[in-house]
Every structure is written in structure tokens, then in C-alpha cells.
1. Could you tell me how many of the residues in segment 66-111 are open to solvent by 70 Å² or more (accessible area, probe 1.4 Å), in a loop (DSSP other than H, G, I, E, B) and of a type in the set (A, V, I, L, M, F, W, C)?
2. Kindly indicate which of G107, G78 is touching a Leu at 6+ places or on another chain (Cβ under 8 Å) and over 19 Å from L33 (Cβ atoms).
3. Among the candidates V68, V49, which residue alone is modelled with pLDDT of 75 or more and touching a Cys at 6+ places or on another chain (Cβ under 7 Å)?
4. Does R69 count as more than 25 Å from Q35 (Cα to Cα) and either free of Cβ contacts under 8 Å to residues at least 60 places away in the same chain or among the acidic types (D, E) (or both)?
Amino acid sequence: MLVVLGELGLVVLGELGLVVCGVGVGLVLGDALFQTHENLEHLAMMERVLGPLPGHMLRRSSRAEKYVRRGRLNWLEGCMSRESMKAVSKLPCLQNLVMENVDHSAGDLIDLLHGLLRYDPSDRLSAREALRHPFFNRRS
């Protein structure tokens, strides 16, 4: 994920976010969240699951022109294949993804994941804030 985001000139997810994406969500799903090696497809998958990349971050990037048109991800025009389009379109949003795979405390988990996977680092939960989240403090 760092490679594609680095190409955009953005540092979107820090180490904690990478752990959440790679390990945490993988444990819930039993598989990797974003299964691709193509940069534009990866960004499209992120948008599909996490919501649109913030415009202010795209405008701030010096290398975004390769992936962005008119302030938005250039997914439909830049898509490499029908298979790629299918791979992106089959992904549900994060909330639905969790609801499909978790039978208890899904609301707290969704809120925690949203906090950890926010694009903008200044809006993202810190490790300390995450550990104080109700998801970890509920009684079984």
C-alpha cells in the first residue's frame, strides 16, 4: 500500500493503519483486504471500501495527475481490464464487510476501524486513542 500512496506523494496510512489493514481486517475476513498489485486498482479498492480519497489530499499531491482527473480518482477511464473492474466493484464498504463477518460488537469494531483507517493522518486515531476505544473496553 505504501508504494501506491508514495506514487501519489501521500502518506495515507502509518504503521498502525498498515497493521490494521494487513492483520486486523485479514483476521476478520480470513484473507487480505486489497488483493492487487496494480496502483490505480489499489486506490479504487481503497475508495470502494473506505470512501473517496479526500480532495484536499489529492490536490496537495505533486504526482496525482497520473491517477486523478478533475479532482477525483481516474478509475473508470484508467482501469486496465474488466477483471480489475469486477475486483473493485465486488468489494463492499467497510461497514458491510464487517457486518458480513462479525456477529458481535460489529458497531464498535466498525467505529474503531473507521478511526484507524482514516486517510488523513491528522484525523486518524492514535494507538493510545485506539486502545481506549469502547471495542476493547466492553465486557463479554
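1. Residues flagged as open to solvent by 70 Å² or more (accessible area, probe 1.4 Å), in a loop (DSSP other than H, G, I, E, B) and of a type in the set (A, V, I, L, M, F, W, C) within segment 66-111 amount to 1.
2. On the way: G107 fails: touching a Leu at 6+ places or on another chain (Cβ under 8 Å).
None of the other options fit; the residue is G78.
3. When all the criteria are applied, what remains is V49.
4. So R69 fails the test.
The values are calculated or read from the model by the stated rules, or taken from the named source; none is laboratory data. Keep in mind it's a predicted model, so treat the numbers as computed, not measured. Virtual Cβ from ideal backbone geometry, glycine too; neighbours counted across all protein chains shown. Please note that ligands, DNA and RNA were not included when accessible areas were found on the heavy atoms of the full protein model with its side chains. Shrake-Rupley method; radii C 1.70, N 1.55, O 1.52, S 1.80 Å.
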